[in-house]
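This report refers to the structure that appears directly beneath it.
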Amino acid sequence: MTTLAAAAPILLACVALALGVSSLRSSLLGLAAAFALTPLAFPMPAADLLAVVGGWLPTLLEVLLILAGGILLSRLLEASGGQRVLAGHLAELAAGRVAAILLVVHGAVPFAESVTGFGVGVMVGVPLLLALGVSPMRAAIIALLGLVVVPWGSLGPGTLVAARMGGLDLTQFGVETAIVNGVVFVVSGVAAVVVAFGRARPVEVIGGSLSGLALWGAVWAANVLVGTPLAGVIGSVAVIAAHVGLGLATGRRLPRTDDLAGDVGLVRALTPYATLVAGLLVMSLALGATDGLASWLRSPGLWLPLTCLVAVLVLPFEPGQVRGVVGEAARTWLGVGVPTGAFLLLGVVMAATGMAGALAAAVATLGPAYLVVGPWIGALGGFVTGSNTGANSMFAVAQAEAARGLGVSVLTFLALTNSAAAAWTMAAPSRIEMAVRLAGEQLDRRRIMLVVLAVDVVIAIGLSLVALARL
């Protein structure tokens with residue numbers, strides 16, 4: 001009964017989603033169930049629970065600000081024509097259409113996700129793919145498949161949470177996560193080109209695999225040489241440079257001087273991104289792991305709104321256009337931000353009350369078979385919360401204890417569950433909702449989720465095989 005009670009909030013949310021209930025209502029149902037079950041099956045002083053939830057409020061606020069800033073920035077770049085300019089140059093520089101798709105999947109989306117996190121990469125990927133001529137349905141799916149550096153998204157808070165809860169060194173844990181995440185990089189690349197072209201010819205499969213391997217090597221090297229927080233940024237920039245270099249080697253040309261300036265020249269279109277990256281990197285390097293109010297100086301929650309202000313100042317808009325864009329972004333944020341926040345709080349409540357631990361303890365009775373099941377538990381957390389941070393908050397402690405009980409490497413086992421949780425945020429309801437709202441309101445959400453889930457299942461199977469080989 002205890003295990004059933006612990007699983008009830010997640011099961012309720014998942015059943016509601018399967019029945020077509022909105023992400024907002026499903027998330028609130030799960031959260032309400034967790035609060036209702038706490039005094040009945042997992043008694044905890046209300047003051048203690050509120051204290052734990054209160055301790056996560058700054059993180060929740062940061063997540064909501066990041067989502068708001070990311071949505072608004074995406075809309076501003078789209079309305080001003082900045083996204084079309086960037087997409088046009090991507091198509092011109094890439095060595096063909098397959099390379100252009102992979103440049104978005106393994107370059108543009110991971111870069112945006114690394115510097116902002118919480119699915120903001122989708123907000124960059126969907127408009128770029130649409131501008132490249134990809135259909136709205138396929139653009140939504142491919143952009144979601146680009147969420148491959150989520151362990152390093154927003155400079156890696158989810159990975160930091162898992163490392164701390166497992167008592168591990170962050171750099172070692174980042175390196176180990178990079179090693180096992182190769183499954184995600186390669187599978188996503190192959191799946192993206194198959195979705196984009198509706199076929200799986202050798203040239204596309206090889207291209208997707210090579211692009212994924214390039215990102216794998218770059219992220220691993222960045223973790224080793226620079227450290228975990230900046231690994232996603234550096235790795236994705238390296239892949240972008242590699243794709244551009246390949247394009248130049250096959251006869252592509254750099255933008256002409258007159259393409260750089262003008263009302264919506266390349267310089268103007270890139271200025272908001274340059275502001276965001278420069279601000280985040282400079283503050284992160286200057287402040288390091290500073291806690292407290294000073295940590296906000298290196299937070300995407302601060303720099304995204306500032307970047308939006310820069311976009312308004314440097315990009316061309318018609319009179320009154322900015323006000324309309326802000327209103328549209330606010331409506332999108334309400335449909336995305338609130339469910340994300342509710343799922344994050346669900347993870348916090350389940351971890352604090354012992355629900356997450358009860359679930360892991362029940363599954364751990366499987367013995368060595370749990371080595372295969374473990375990544376799927378992490379995957380479930382990523383799917384439900386839509387957040388690598390939330391998933392690790394739910395399960396990292398229990399997963400670490402299960403690994404110790406089985407006598408296997410906590411480092412590798414947690415890295416596998418970290419990678420699985422991050423990959424399954426691709427199919428999280430809040431991420432699906434974000435992609436759909438950017439690509440087109442009339443798209444079939446269930447179909448998109450089923451396609452992305454199918455890819456995620458392949459990834460989870462791959463990670464389970466890695467667990468058998470390495471543990």
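Residues in region 176-192 that are of a type outside the set (Gly, Ala, Ser), in a helix (DSSP H, G or I) and farther than 10 Å from Leu102 by Cα: Glu176, Thr177, Ile179, Val180, Val183, Val184, Phe185, Val186, Val187.
Residues in region 1-34 that are surrounded by 16 or more Cβ atoms within 10 Å (Cβ to Cβ) and either touching a Gly at 6+ places or on another chain (Cβ under 6 Å) or not β-branched (Val, Ile, Thr) (or both): 20 in all.
The condition of being over 20 Å from Leu315 (Cβ atoms) and either surrounded by 24 or more Cβ atoms within 10 Å (Cβ to Cβ) or in contact (Cβ under 8 Å) with a residue 60 or more places away in the chain (or both) holds for only one of Val115, Val105, Val124, that being Val105.
Residues checked against (1) at pLDDT below 80; (2) within 21 Å of the chain's Cα centre (by Cα); (3) not basic (Lys, Arg):
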{"residue": "Leu359", "(1), (2), (3)": "yes, no, yes"}
{"residue": "Val363", "(1), (2), (3)": "yes, no, yes"}
{"residue": "Gly367", "(1), (2), (3)": "no, no, yes"}
{"residue": "Tyr370", "(1), (2), (3)": "no, no, yes"}
{"residue": "Gly374", "(1), (2), (3)": "no, yes, yes"}
{"residue": "Ile377", "(1), (2), (3)": "no, yes, yes"}
{"residue": "Gly381", "(1), (2), (3)": "no, yes, yes"}
{"residue": "Gly386", "(1), (2), (3)": "no, yes, yes"}
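Residues are listed down the side, and each one gets a yes or a no for (1) of a type in the set (Asp, Glu); (2) modelled with pLDDT of 85 or more:
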position	(1), (2)
Leu246	no, yes
Leu254	no, no
Asp259	yes, no
Val264	no, no
Thr275	no, yes
Val282	no, no
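For the criterion of being within 21 Å of the chain's Cα centre (by Cα), in contact (Cβ under 8 Å) with a residue 60 or more places away in the chain and surrounded by fewer than 20 Cβ atoms within 10 Å (Cβ to Cβ), Arg431 fails. Candidates in region 123-160 are the residues that are part of a loop (DSSP other than H, G, I, E, B) and under 12 Å from the mean Cα position of the chain (by Cα); of these, the one that is farthest from Ile459 (Cα to Cα) is Gly156. Residue pairs whose Cβ atoms lie under 6 Å apart, separated by 6 or more positions or on different chains, with the first residue in region 438-461 and on the phi > 0 side of the Ramachandran plot and the second at pLDDT 90 or above, are Gly440/Pro136.
Applying the condition of being touching a residue at least 24 places away in the same chain (Cβ under 8 Å) and outside any helix (DSSP H, G or I) to region 35-70 and asking which residue is surrounded by the most Cβ atoms within 10 Å (Cβ to Cβ) yields Phe42. Scanning region 301-327 for residues that are part of a loop (DSSP other than H, G, I, E, B) and either among the polar types (S, T, N, Q) or in contact with an Asp or Glu (Cβ under 8 Å, 6 or more places away or on another chain) (or both) yields a single hit, Pro316. The listed residues are Gly354, Gly374, and the only one of them that is touching a residue at least 60 places away in the same chain (Cβ under 8 Å), at positive phi and not charged (D, E, K, R) turns out to be Gly354.
The values are calculated or read from the model by the stated rules, or taken from the named source; none is laboratory data. Note that the coordinates shown come from a computational prediction; the quantities given were computed from them, not determined experimentally. Here the Cβ is made from the backbone with ideal geometry for all residues, glycine too, and neighbour counts use every protein chain on show.
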